[in-house]
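The values are calculated or read from the model by the stated rules, or taken from the named source; none is laboratory data. Worth saying up front: this structure is predicted, and the values here are computed from it rather than measured. Methodologically, a virtual Cβ is constructed for each residue, glycine included, from the backbone with ideal geometry; neighbour enumeration extends over all protein chains shown.
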Ligand code: AGP
């Protein structure tokens with residue numbers, strides 16, 4: 001979703017801003033712009049479409065100032081065109097904004113009555129006018145921003161500059177992520193650490209309702225009463241190489257290929273083979289809590305939701321506790337009944353998804369303890385949960401989530417193992433889970449090593465317009481995730497069913513134009529799944545099957561079999577998902593879609 005970057009320091013601002021915007025391209029956007037102040041004048045350059053268009057325009061104008069702000073916009077209010085692109089201006093004031101101003105229509109009418117003229121259809125433009133108006137009665141820009149924001153309802157990650165005060169950059173946050181990057185002679189402000197990691201690893205994360213007043217070599221954080229807020233600087237551990245493609249054509253392939261390492265990293269130091277359990281330093285729960293615990297409630301969106309649904313099958317088996325799984329966008333508004341002694345599991349790669357974050361806050365309001373299974377260190381979910389497990393998957397740049405899904409499933413297994421072992425699971429059963437997890441990196445690598453077979457298959461399948469993914473039990477959520485991935489990156493219509501449900505309606509869809517991806521590795525439900533497979537084959541469905549190495553039987557139904565190594569049922573769903581990721585990737589490449597930044601999608605959905 002929108003990305004913002006600001007710079008104030010000794011260097012030229014525009015290359016820093018463009019570099020930061022490029023790093024945030026992965027978040028998804030449809031227009032971009034920068035504003036730079038030089039010689040008391042602000043130059044604003046913005047373009048619809050990709051950043052490369054903006055770069056040409058910036059190169060042509062070469063604004064030379066040392067303070068500036070930039071933005072990638074993902075349209076919410078108003079079409080993705082040049083006028084609606086940020087920055088927005090009112091007189092000498094220029095702003096960039098992430099979030100939504102909920103009362104903008106009321107504010108806009110009142111401002112228009114005072115003679116203010118609006119040029120865009122955006123909600124954000126009111127912020128420029130409010131600050132400009134407040135500036136007339138304030139001592140400085142920071143005071144004007146405070147006065148303006150006191151009138152605003154909604155969310156903002158906001159950067160403001162004033163051409164009369166070029167030694168100041170003001171940043172404000174409510175509900176949209178914002179951090180400051182610090183060096184001895186410059187301050188950076190950004191919605192995303194990737195935008196500044198090439199310049200500094202020293203950061204502070206702003207909290208809601210905080211305002212940062214940045215000057216070239218210093219900063220001050222205040223609240224809405226203009227009281228100083230204390231922040232300790234933190235170090236981000238991200239390396240620049242981690243946010244580059246490293247020789248791959250796309251981030252998506254890089255991230256799929258990284259998964260053996262992802263798994264090793266999330267497991268590092270957390271498995272106890274002797275006691276058949278996991279050690280998780282950040283849960284902050286205690287033994288008594290485990291004994292009282294009555295159920296889990298998992299919340300996530302998109303792929304994180306599917307990871308949660310898969311976790312339900314696993315956690316219920318491990319712990320014998322019920323698990324409810326909710327979409328964040330549904331849970332937050334539907335007045336749910338949440339039992340006492342429930343443990344919330346908040347799953348999010350970014351830790352900034354608005355609906356997931358709001359659901360966490362709803363759980364907190366009800367005094368329900370929650371753990372975060374989050375990838376981005378220091379993100380809003382990570383900071384607001386009672387405890388959690390970092391996924392340690394490294395930056396995930398491709399909009400389509402792959403390695404984070406794998407890590408989210410493993411994180412649930414780790415939590416489940418600890419809970420189960422403190423309740424009824426025997427040490428022997430616990431050791432089986434540990435062994436299965438330890439074997440996983442090599443097994444995933446074996447599948448990745450055969451990716452050319454999947455690439456060839458993808459070429460044959462790329463012309464289909466409709467696809468159906470089928471699996472039973474824990475493989476049903478994998479079918480959902482597989483179909484989600486295909487539709488995201490290839491724009492093919494895809495859906496998923498529990499294989500046993502097909503005969504209740506969806507069998508009517510099967511003909512030779514429907515691609516059916518059937519998940520049937522060897523497990524307790526293999527024979528049942530085989531009957532469902534026969535039902536599809538008998539109706540001429542175009543079958544691709546994911547099966548266990550050595551299973552010759554399934555080859556009777558189709559030539560297109562993708563084999564995965566034999567494995568424990570605890571980790572089998574993770575392995576089955578890997579070829580589905582590769583299949584979606586190679587089909588998308590064949591169809592020529594924008595693989596890393598699919599149309600209409602954003603990496604981190606920070607609006608509801
Ligand atoms: C995944 O491929 C999607 N891009 C999307 O469904 C994503 O999983 C969802 O928006 C949740 O994001 P989060 O994990 O950052 O909360």
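The figures follow:
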{"item": "In the stretch 333-347, residue farthest from the ligand (Cβ to nearest atom) [restricted to those that are touching a helix residue (DSSP H, G or I) at 6+ places or on another chain (Cβ under 6 Å) and modelled with pLDDT of 95 or more]", "result": "344"}
{"item": "Residue list for the stretch 168-191, filter: surrounded by fewer than 20 Cβ atoms within 10 Å (Cβ to Cβ) and at pLDDT below 95", "result": "184, 185"}
{"item": "Answer from 408, 412, 443 - the residue that is in a helix (DSSP H, G or I), away from the ligand (no atom under 16 Å from the Cβ), touching a residue at least 12 places away in the same chain (Cβ under 8 Å) and touching a strand residue (DSSP E or B) at 6+ places or on another chain (Cβ under 9 Å)", "result": "443"}
{"item": "Selection within the stretch 579-608 - in a helix (DSSP H, G or I) and within 13 Å of the ligand (Cβ to nearest atom)", "result": "580, 581, 584, 585, 588"}
{"item": "Residue in the stretch 118-125 that is assigned to a helix (DSSP H, G or I), in contact with a strand residue (DSSP E or B) (Cβ under 9 Å, 6 or more places away or on another chain) and crowded, with 20+ Cβ neighbours inside 10 Å present", "result": "yes"}
{"item": "Hits in the stretch 363-384 - residues which are closer than 21 Å to residue 330 by Cβ, in contact (Cβ under 8 Å) with a residue 40 or more places away in the chain and more than 11 Å from the ligand (Cβ to nearest atom)", "result": "363, 368, 371"}
{"item": "Filter pass, residue 247 being buried (at least 16 other Cβ atoms within 10 Å of the Cβ) and either under 24 Å from residue 28 (Cβ atoms) or without any contact (Cβ under 8 Å) to a residue 40 or more places away in the chain (or both)", "result": "no"}
{"item": "Qualifying residue in the stretch 488-500 (condition: in contact with a strand residue (DSSP E or B) (Cβ under 6 Å, 6 or more places away or on another chain), surrounded by fewer than 16 Cβ atoms within 10 Å (Cβ to Cβ) and in contact (Cβ under 8 Å) with a residue 24 or more places away in the chain)", "result": "yes"}
{"item": "Lone qualifier among 329, 359 - being within 14 Å of the ligand (Cβ to nearest atom) and either surrounded by fewer than 24 Cβ atoms within 10 Å (Cβ to Cβ) or assigned to a loop (DSSP other than H, G, I, E, B) (or both)", "result": "329"}
{"item": "Enumeration of residues in the stretch 544-569 that are in contact with a helix residue (DSSP H, G or I) (Cβ under 6 Å, 6 or more places away or on another chain) and either surrounded by 24 or more Cβ atoms within 10 Å (Cβ to Cβ) or not in a loop (DSSP other than H, G, I, E, B) (or both)", "result": "545, 546, 547, 561, 562, 564"}
{"item": "Residue match in the stretch 258-271 (condition: within 21 Å of the chain's Cα centre (by Cα), more than 30 Å from residue 428 (Cβ to Cβ) and away from the ligand (no atom under 15 Å from the Cβ))", "result": "yes"}
{"item": "Top-ranked residue of the stretch 300-326 - restricted to ones that are more than 16 Å from the ligand (Cβ to nearest atom) and assigned to a strand (DSSP E or B), ranked as surrounded by the fewest Cβ atoms within 10 Å (Cβ to Cβ)", "result": "324"}
{"item": "Failed item, numbered, when residue 393 is tested on (1) assigned to a helix (DSSP H, G or I); (2) touching a helix residue (DSSP H, G or I) at 6+ places or on another chain (Cβ under 6 Å); (3) within 26 Å of residue 264 (Cβ to Cβ)", "result": "(1)"}
{"item": "Sole residue being closer than 30 Å to residue 598 by Cα, modelled with pLDDT under 95 and within 16 Å of the ligand (Cβ to nearest atom), chosen from 350, 401", "result": "350"}
